[in-house]
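Everything below concerns the one structure shown next.
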Amino acid sequence: MRTALLLIALLLAAGCAQPSSTTHSASTTTAGLPEGIQSYRDGTLVDAPVLALGKAGFVPIGHDGAEPNLGITSSGALFVSSGSAVVASHDAGATWKVVYDDPLGNSDPMLWVDTLTDRVYDVPMTVTLACSRIYTSDDDGATWVANPMPECGRGAYDHQKFATGVPGPGANPLAGAQWPTVAYMCYNGIATTNCGVSYDGGATWVWDRNTVVNVVPAQEGGGPSTGCGSGQNGHPTSAPDGTVVFGRTGPSCPQPYLVSTRDSGLTWSFTPGPASPNPTSLDPEVAFTPDGTMYFLFQDAAFHQVLARSHDLGATWDGVFQVNPPGVDATSFSALATGSDGRLAIAFLGTSASGSPTNVPANATWGLYIVTTEDADAVSPTFTSYRATPADDPVQVGGIWQGGGGDPSRNLLDFIDGSVAPDGTFYVAFADGCTDKCAHNADAKPEDSRASLTSVGFLRGWSLYAPGEGRPALLH
């Protein structure tokens, strides 16, 4: 019966996959699963679970741009930031077209889809690294409205992150009065992490320019001491009750940290994260399931993807749990999406080489991996991994630069981004560095791997939502 159920699940998954979908071989496999798919717990392979399996693949969207962001509206339309353009697909990724192109250009793209209002936000950083602009669309990208620059002329501005959520438990009475959700934007002010809040859908902003004051050798500030040497922050994320949290990690942080607000940006609090010394993530990920459980994804000191879980906003922690599959020893960048309670999808770049992504051997090859779990709330979760890019078509050859500056191997820049479609399909936007003569070339060298082709990976046939469940209804 177990074998029959697994066979049915595989046939259903194959029927859901589009022609561009592929499964690929991996260095280690689980008995009973197709090549390229592994099931494991605590980093050790386990018997194949009886569950519906997906089919992973990827598609280039035809535009260049590293650090892409991805969001999906209730109609299933996919929006991806790619350089100065917003590129959309209204047919589940089969075809793509530019729906908006910022005439002023930008240094850092940022895109966000508010799944409670269907508003699409394009929030590019100016070429002068001084501030952002905001463009919004309420009709699936057909038309766009420009809003004033929310933060300019206030000093250093970099690595901006945008998010929305319902008003928090202690929110200002203005929150929710003009617009159903509250918008947040946090950015790296070098010595501080600065966050702003908007109660009117992004038109006007109130700023806390010292959300987190870092303590570095040359400076002491009157804020929570992180010991981190920069103001770079992860993406803000809203809990079901409107509490907003973002993570702080990085080579200069002695451990992970969380910064949160329960009053929609009036005040911010600081909480030590799970016990994991010297985390290495550039952009840690935080996400919540409907029951309010918080999941924190980051790279540990060994450059492995690890996951921690908290039921009380970081006061206590379960984990950390190893996420990367056997045979993948170093990882870079990550994306995390949640669906029903206990269901998570994770994406990252991985290689069999070990050590810092910056310093791996020149012949190291990187692939896009998608990892799922249906029991993230278990004492010891079981993970299933898929390689979404072929072994002979790597995302990068050689190192992936983990610091700032203009090193040639920094062509992928700093992050990837994922989201869940209304039908539960997981999508992830990433930059592909190994294209043209580099792809399908066993002799490819790091200098051949310098592209930044915006691409979208996916896992079809497996849903982040349990049967009968789905996204929350739109707010009107």
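The values are calculated or read from the model by the stated rules, or taken from the named source; none is laboratory data. This structure is a prediction, so every number in the text was calculated from the model and none was measured. A quick note on method: Cβ atoms are made from the backbone with ideal geometry, for glycine too, and the neighbour counts reach across all protein chains shown.
Below are the figures for this structure:
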| read-out | value |
| --- | --- |
| Of all residues making up region 312-338, the number that are of a type outside the set (D, E) and farther than 16 Å from G247 by Cα | 13 |
| Top-ranked residue in region 258-286 [being surrounded by 24 or more Cβ atoms within 10 Å (Cβ to Cβ) and under 24 Å from I400 (Cβ atoms); ranked as farthest from the chain's Cα centre (by Cα)] | P279 |
| Residue identified as out of contact with any helix residue (DSSP H, G or I) (no Cβ under 6 Å at 6 or more places or on another chain), part of a loop (DSSP other than H, G, I, E, B) and closer than 23 Å to D417 by Cβ among G404, G399 | G404 |
| When residues of region 167-196 are limited to those that are within 22 Å of F79 (Cα to Cα) and in contact with a Leu (Cβ under 7 Å, 6 or more places away or on another chain), the one surrounded by the most Cβ atoms within 10 Å (Cβ to Cβ) | T181 |
| Residue among T95, T136 that is of a type in the set (S, T, Y) and either surrounded by fewer than 18 Cβ atoms within 10 Å (Cβ to Cβ) or assigned to a loop (DSSP other than H, G, I, E, B) (or both) | T95 |
| Single unsatisfied condition, L53 versus (1) part of a loop (DSSP other than H, G, I, E, B); (2) surrounded by 23 or more Cβ atoms within 10 Å (Cβ to Cβ); (3) modelled with pLDDT of 95 or more | (3) |
| Selection count where residues are polar (S, T, N, Q) and touching a residue at least 40 places away in the same chain (Cβ under 8 Å), scope region 97-136 | 4 |
| Condition met for R410 (under 24 Å from A337 (Cα atoms), among the basic types (K, R) and either surrounded by 14 or more Cβ atoms within 10 Å (Cβ to Cβ) or within 18 Å of the chain's Cα centre (by Cα) (or both)) | no |
| Per-region count, region 341-390, residues polar (S, T, N, Q), within 18 Å of the chain's Cα centre (by Cα) and farther than 17 Å from Y40 by Cβ | 1 |
| First in region 201-214 and on the phi < 0 side of the Ramachandran plot and at pLDDT below 75, second anywhere and basic (K, R) and surrounded by fewer than 20 Cβ atoms within 10 Å (Cβ to Cβ), Cβ under 7 Å, 6 or more apart | R209/R154 |
| Total residues in region 366-396, condition of a type in the set (A, V, I, L, M, F, W, C), in a loop (DSSP other than H, G, I, E, B) and farther than 24 Å from H159 by Cα | 5 |
| Search result, residues across region 413-429 that are under 13 Å from the mean Cα position of the chain (by Cα) and closer than 18 Å to K55 by Cα | G418, S419, V420, F426, Y427, V428, A429 |
